[in-house]
Structure formats: structure tokens, C-alpha cells
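Here the structure is laid out as C-alpha cells; the discussion comes afterwards.
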Amino acid sequence: MTSTGIHREDFSMTLNGHDIATFGSQGENRMVALALKLSPFFLIEDKDKRPLVILDDVMSELDANHREKLINFLKKFEQVFITATKLEVGDAKTYTLSKKGEIS
């Protein structure tokens, strides 16, 4: 195991001066994690490439307010695929996969 390097760094994020991991709600922590995961896509997009964003069941851990914020944020991307067990995506185009494997 390598004992030094960027992969060994530890950092924290704050919201209103408080550590988000300790004082943030589950939705706030999830939004911070998603922001960190999605931030490289903006670097890719700056190079005239269109990133494809695929998210698996991200809405289930968010309240209505955070879901709306995430959906508005994702509108910045050209193509976004989200899997979900509940259909709560507003005006997005949706496809349903039935138990038989048919797409409608």
C-alpha cells in the first residue's frame, strides 16, 4: 500500500461554518457527494465534449427540495440517465422497463 499521495488526503466541507459530515442532513451530505462526483464533467464539457451522466437511484435519499435542486442542476448536461424505483422526474422523457424486459 502506498503511504503517501493524493488518494491518502482527507478533507472536509463546511456549510454555514459547520462540518457538513457532522451537522448536515442526509440530503445535504448526498448533494455534496453528488457535486464532488459530477464536478469532473464540467472539465470535460469545457473541452467541447458532451459528457453522458448516468446516475443510479440518486433520488431515493433526497427530499423534494433536494430532488428539485438536483434536477435543475442536471439540466446543464445534454444527456442524463437516471434509474429510479419511483417516477419523480418532472418533465423529463421517461422509459419504463417491465418485468419481462420490455421497454415502453
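The table below gives the values:
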{"quantity": "Scope the stretch 45-82; condition among the β-branched types (V, I, T) and loosely packed, with under 12 Cβ neighbours inside 10 Å; matching residues", "calculated": "I54"}
{"quantity": "Helices (runs of 4 or more DSSP H) completely within the stretch 1-87 that count 1 or more residues being under 19 Å from the mean Cα position of the chain (by Cα) and closer than 27 Å to S98 by Cβ", "calculated": "64-74"}
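Bear in mind these aren't lab numbers, they're just calculated from the coordinates by the rules spelled out. Not measured: the values here are computed from a predicted model. FYI the Cβ positions are ideal-geometry reconstructions off the backbone, even for glycines, and counts take in every protein chain you see.
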